[in-house]
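K.L.:
I am attaching a structure below and will ask some questions about it afterwards.
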Amino acid sequence: MSMDFFKRQDDSRRNTKWLVCYFGLGVAAVTVCIYLVCVVAFSGVSRDRRHRYAEAQPIQLWRPELFLWVSGLTVTVIGIASFAKIAELSQGGGAVASSLGGRLVNSGTTDPHERKLLNIVEEMAIASGIPVPQVYVLPSEDGINAFAAGNSPSDAAVAVTSGALRVLSRDELQGVIAHEFSHILNGDMRLNLRLMGVVFGIMCIAVIGRILLEVRSGGKDKNPLPFVGLALLIIGWLGVFFGRLIQAGVSRQREFLADASAVQFTRNPLGLAGALKKIGGWSSGSRVNSPHADEACHLFFGGGRGSSLFGFMDTHPPLEARIKALDPEFNGVFEKASASREETGQVHAKPGSSKVQQLFQGSNRSTANTLAGSKVPNTPPVIVANGLFSSVGNPEFSHLRFAARLQGEMSPLLRSEVRDSLGAASLTYALLLSEDAGIRSIQLQRLKEISGPEALAETERLQEEVSALAANTKLPLVDLAVPALRLMSKPQFDVFVQTMAALIEADEQVDLFEFMLQKMVVRHVQPHFDQQSRAVIEFYALRPLVRECGVILSALAYAGQGGLDNVSSAFQRGAETISQASRESLFLEDRENCELTHIDQALNRLSRAVPQIRKLALQACMMTVAADGVVTELEAELLRAIADTIDCPLPPAFTGSSEEV
């Protein structure tokens with residue numbers, strides 16, 4: 001099963017546009033209703049103050065001045081409330097998890113359930129080609145549930161209830177986490193946060209109505225405010241009702257896709273099906289008791305508040321329908337669930353009980369055993385270019401197997417370093433050290449001058465082990481180190497960025513891979529320290545970006561080819577893709593026009609293009625790198641770094657599987 005990552009991104013953007021339209025219609029309807037209430041209320045006050053009702057005066061429906069006041073105040077209140085809520089949520093997935101009572105899991109935790117959760121999330125992140133998200137546990141929630149939140153993979157968080165940790169086996173928990181990673185990769189998270197902001201803004205009308213309802217008149221004249229308050233309360237909740245309907249409709253259509261993606265990822269439908277069955281048989285189901293659960297119900301893996309009347313307000317498809325899609329032989333009976341007995345060696349699934357289980361019988365054991373295999377290679381293999389592009393945003397079982405092997409074979413030293421802020425920084429420095437002894441000596445001297453002797457000693461301790469790593473393990477190590485790097489203080493982070501730049505510039509030559517590695521790290525860690533506005537889409541056509549594409553393709557051609565003829569040939573292979581789509585000619589740039597600053601500017605502009613333009617650019621990059629018919633491991637990692645900077649997560653290209661070599 002292959003799913004087009006870029007189409008899913010376009011669908012998410014399209015859903016966001018429809019959400020804006022629905023929101024506008026909802027605000028307009030609420031404004032008209034409030035205006036009519038005010039016309040009736042204040043017309044009644046006007047007549048009452050005359051104290052004469054001999055002749056009934058008709059209500060004047062069109063009062064322009066009143067309409068302007070009402071519409072202005074209504075739009076202002078809803079707009080400010082919605083944008084304030086969205087701004088609050090823009091701090092990242094951690095803010096959402098904390099608001100729901102989440103506790104950040106310590107990377108050094110010794111709790112077996114939390115350790116299992118961290119290992120699964122790390123495996124999924126490596127296999128997906130994204131940095132490890134923050135991991136939270138909801139300790140007060142007994143229901144079986146989980147969610148992913150954030151604006152992008154850089155600030156994503158994955159949260160799991162304590163009930164899920166206690167009840168689910170590793171395979172089942174892996175299926176749930178794979179489902180949440182699908183939401184991260186598909187761009188669902190940002191849309192979900194917008195939905196929360198929209199519903200909150202309309203809800204504020206009901207809150208104002210409740211306040212006005214409590215107002216009492218101190219004089220003889222009739223006070224219209226309680227009547228207006230009651231009307232606002234009703235109108236506000238009606239608006240929230242329709243907002244919830246939109247929320248539910250958008251959410252339901254994404255859940256089946258996330259389930260399908262999770263099965264493609266883990267190649268184990270019974271793991272996900274088992275988690276859903278346990279929700280049906282667990283005493284607390286998937287209920288979340290947090291006071292904010294209602295506004296976040298569309299984020300959850302399972303319905304966080306139970307089923308609504310007739311299912312109109314359900315944010316998730318029926319449990320039975322989701323299970324049937326994964327296990328067609330499900331009989332609709334939920335057995336009573338209990339805490340997982342996985343640690344005692346007891347197995348939850350019954351092998352061979354269905355055709356689906358027979359198809360995946362090799363995958364329903366504990367993932368740690370299932371994914372065991374050959375070691376991660378430390379020699380630079382050759383990768384066939386065919387199929388590389390289709391894996392963008394579509395991690396599969398081979399990528400997960402590679403991630404599990406990498407985790408299992410990581411030395412104790414590296415394992416401890418990636419989870420410590422100083423160690424993660426020193427690991428990054430070690431990855432940037434040159435193989436040339438003279439240049440490396442200059443780099444270490446600059447490292448000591450900027451970061452101090454402690455960082456120097458730690459980097460030298462890691463140097464030998466890091467230099468022996470295969471090229472395809474370097475970016476995964478960076479992804480694993482991101483959570484620890486976020487634990488630094490702001491001054492420490494500034495020194496860290498300055499040190500990386502000094503190490504890269506020490507040889508006074510362009511090393512594209514080193515530069516891309518630095519850019520990846522800064523891109524994923526800096527938003528944690530500096531609240532930056534999200535880059536908005538600026539480019540809907542390819543022509544304004546032709547020059548930028550030319551710079552990137554030229555840099556790739558120079559980096560991957562030897563002679564000038566080979567450079568020109570490689571450039572032309574990629575340029576054809578851009579030329580045909582834009583009907584503009586591309587020319588090989590001189591080396592001085594491919595300096596790191598030019599590449600940086602080109603990538604920043606390209607990242608603000610619509611998904612289909614980024615798709616073409618990435619295709620052209622792959623064509624350039626594969627001009628000689630193969631993609632080396634180092635070239636593949638360079639492609640992964642470029643894809644990361646334009647929000648196109650590319651899983652590990654070489655996984656050691658015979659299917660791909």
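No value in this document is a laboratory result; all are computed from the given coordinates. All values reported here derive from a predicted model rather than from experimental measurement. Methodologically, a virtual Cβ is constructed for each residue, glycine included, from the backbone with ideal geometry; neighbour enumeration extends over all protein chains shown.
K.L.:
What is the packing order of peptides 298-304, 443-449, 582-588, 518-524, taking the mean over residues of other C-beta atoms within 10 Å and listing the highest first?
P.N.:
Values: 298-304: 27.3, 443-449: 17.9, 582-588: 15.3, 518-524: 20.7.
Ranking, from highest mean packing down: 298-304, 518-524, 443-449, 582-588.
K.L.:
I would also like to ask the following. Would you order E637, E335, E548 from fewest to most other beta-carbon atoms within 10 Å of each residue's own beta-carbon? Walk me through the numbers on the way to the answer.
P.N.:
Details: E637 25, E335 9, E548 21.
So the ranking, lowest neighbour count to highest, is E335, E548, E637.
K.L.:
Between E454 and D294, take the C-beta separation as r, use R0 = 60 Å, and let me know the FRET efficiency to the nearest 0.05.
P.N.:
For E454 and D294, the calculated efficiency is 0.75.
K.L.:
Shifting gears a bit: Subtract the Cα-Cα distance of L68 and R252 from 0.36 nm times their separation in residues, and report this length gain in nm to one decimal.
P.N.:
62.5 nm
K.L.:
I need the semi-axes of the equivalent ellipsoid of segment 398-524: take the C-alpha gyration tensor, multiply each eigenvalue by 5, square-root it, list largest first in whole angstrom.
P.N.:
Numbers: eigenvalues 98, 54, 40 Å².
Over the Cα atoms of segment 398-524, the semi-axes work out to 22, 16, 14 Å.
K.L.:
A further question follows. With labels modelled as points extended 7 Å from the Cα through the Cβ direction, what inter-label distance (nm, one decimal) is found for T597 paired with Q619?
P.N.:
About 3.4 nm separates the two model spin labels.
K.L.:
Based on other C-beta atoms within 10 Å, arrange D511, D647, D259 from fewest to most.
P.N.:
D511, D647, D259
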